[in-house]
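Note sheet for the following structure.
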Amino acid sequence: MELGQLRALRELGERGSIAAVAAALHVTPSSVSQQISALQRHTDTPLTYRDGRRTALTAAGRALAAAAIGVEVALERAEQSIADFEAGAAGTVSVAAFHSAGLAMFGPLLAAVARGWEGRQPDVALTDFDVAQTDFPGLTADHDLVIAHRLAGSRKWPSWVRAEPLLFEPLDIALRRDHPLAERASIAPEDLRDEDWVAVHEGFPLEQAVSVIATIGGLEARIRHRINDFSVAAAVVAAGNGVALLPRHTNDLHRRPELVLRPLQLPGLGRHIDCLARPEALERASVRAVLAHLQTISADLLAGAGHR
């Protein structure tokens, strides 16, 4: 077996199609198919099967793809041992994050990297993504670290990515200061029965939370606006158009003094913010250094928690 063959199989399992693998590896779809066919010749057990128009992995194929991760990790360790010796923690680390995490963490991360890490400074390349919860793991194929979020109680991240917890963030209700509910220390789900909602689009992590609140409150949520950007959602609430569910620590409400956050009487309602990475990426000293910065920044966000 060759590394290129194992890599093609692993990428097929994670990206879902020959075309997607070819685009990621900058080769032709025919080349990918040839690599997988060559790998298949090493065993009589089928590694792939046709699922409609796409090629998918069998159980044996998934097992071999999982083993390929260990090969990649071992190779990365070997290469990194030389790189660390020659250049210390230098190198470029690519970091992707959803919008509100980028807003809260990108600035402090750049400042922390500029101060250096044990005398060495890795470069950081930043990207923001607005994707559905299920799409975050796939971003690790193209980025060293992916700051992702998932609703409490939802399915955990797949086993082929490493998930390093950063923080648990409660979700609060944002409303105008002159709203009758703003006078309360906390808000019960039934208090929101007659409210119009500013909610995220379907499939995104916080969308299901609104449904949970409405179900406990006894009515279907009356969603008037669907806006993913929390800053825009805050502007709509500030204009007097309903209430919104906003994160407690990564919001930008200091620019909206006319709004307040009030906690829900559902203490378990919130989202996990995790840093996802492929196992081999975490073998690099520079990636581990940036992850350590993100963990410190997250701890600082929790330390500065409070309602406005």
The chain: calculated mean residue ellipticity at 222 nm from DSSP helix runs of at least 4, using -39500 (n - 2.57): -12500 deg cm²/dmol
DSSP beta bridges in the stretch 91-308 [antiparallel fraction, %, rounded to 5]: 60
Pairwise label distance in nanometres, H99 with A19, each label 7 Å out on the Cα-Cβ vector: 2.8
DSSP bridge orientation in the stretch 137-248 - percent antiparallel, rounded to nearest 5: 40
Angle in degrees between helix 29-40 and the longest Cα principal axis of the chain, rounded to the nearest 10: 70
Rg/Rh (Cα only; Kirkwood hydrodynamic radius) as it applies to the stretch 3-84: 1.01
Percentage relative contact order, the chain, counting C-alpha pairs under 8 Å, at least six apart: 22
In sequence order, calculated HN-Hα J values of the stretch 133-143 (Karplus, 6.51, -1.76, 1.60; Hz; x Gly/Pro): 4, 5, 8, 4, x, x, 5, 5, 5, 10, 9
Gained length - A56 relative to A185, 0.36 nm times residue gap less alpha-carbon distance: 41.2 nm
Proxy reagent accessibility, fewest Cβ within 10 Å first, across L167, L25, L3, L219: L3, L219, L25, L167
Gained length - D135 relative to R222, 0.36 nm times residue gap less alpha-carbon distance: 28.6 nm
Sparse-neighbourhood loop sites, GluC sites (Glu not before Pro) in the stretch 129-236 - DSSP loop, at most 13 other Cβ within 10 angstrom: E202, E220
Cα gyration tensor category, rounded, prolate or oblate, for the chain with a/c compared to 1.5: oblate
Euclidean distance of C-alpha centroids, the stretch 4-71 and the stretch 220-292, integer Å: 36
Value of relative contact order over the stretch 174-267, rounded to a whole percent, pairs C-alpha under 8 Å and six or more apart: 42
Using alpha-carbon coordinates, inclination of helix 99-114 to the longest axis of the chain, degrees: 60
Formal net charge of residues neighbouring P279 (Cβ-Cβ distance under 9 Å; K, R +1; D, E -1): -2
Highest to lowest packing among 152-164, 94-106, scored as the average C-beta count within 10 Å: 94-106, 152-164
Residues with amide H under 5 Å from that of G91, placed H, sequence gap 5 or more: D123
Estimated vicinal HN-Hα couplings, Hz - the stretch 255-270 in sequence order (Karplus 6.51, -1.76, 1.60; Gly, Pro = x): 8, 10, x, 7, 10, 9, 10, 10, x, 8, 7, 9, x, x, 7, x
On Cα atoms only, tilt of 207-217 relative to the major axis of the chain in degrees: 40
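Read the figures in this text as sums done on the coordinates, not as results from a lab. Every value quoted in this text rests on a predicted model; they were computed, and no experiment measured them. As a convention, Cβ positions derive from the backbone with ideal geometry for all residues, glycine included, and neighbour counts pool all protein chains shown.
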